[in-house]
1. Is it the case, given these coordinates, that Ala47 is surrounded by 11 or more Cβ atoms within 10 Å (Cβ to Cβ), touching a Leu at 6+ places or on another chain (Cβ under 7 Å) and under 20 Å from Asn11 (Cβ atoms)?
2. Within the range 18-36, identify whether any single residue is touching a Gly at 6+ places or on another chain (Cβ under 6 Å) and part of a helix (DSSP H, G or I), and answer yes or no.
3. Give the residues of the range 40-64 that are part of a helix (DSSP H, G or I) and either among the aromatic types (Phe, Trp, Tyr) or more than 15 Å from the chain's Cα centre (by Cα) (or both), sorted by residue number.
4. Kindly provide the set of residues from the range 22-44 that are aliphatic (A, V, I, L, M) and either touching a strand residue (DSSP E or B) at 6+ places or on another chain (Cβ under 7 Å) or surrounded by 16 or more Cβ atoms within 10 Å (Cβ to Cβ) (or both), ordered by number.
Amino acid sequence: MPDKAIDNNLNKVIGLCYEMLELADHGDKIREDTGCGIVYGKLRDSAYNLRKMAEKELTLHGSK
């Protein structure tokens, strides 16, 4: 039986990842140089990777 608290935390991680993606998109729209673009690109990549890992864990727990 999966631990509800663990799954809740994983769902919070996924929610944070969506916020990270929104921030990266917004930042890309208003950035003034390539350095900022690199930061937002790293943020986006990290969000996708974390989200994928959290979703995999939820699937392994049988919660998704």
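1. yes
2. no
3. Tyr40, Tyr48, Thr59, Leu60, His61 - these are the residues of the range 40-64 that are part of a helix (DSSP H, G or I) and either among the aromatic types (Phe, Trp, Tyr) or more than 15 Å from the chain's Cα centre (by Cα) (or both).
4. Listed by number, the residues that qualify are Ala24, Leu43.
Every number here is computed from the coordinates shown, using simple stated rules; none is lab data. Because the structure is predicted, anything quoted here is derived from the model rather than measured. Methodologically, a virtual Cβ is constructed for each residue, glycine included, from the backbone with ideal geometry; neighbour enumeration extends over all protein chains shown.
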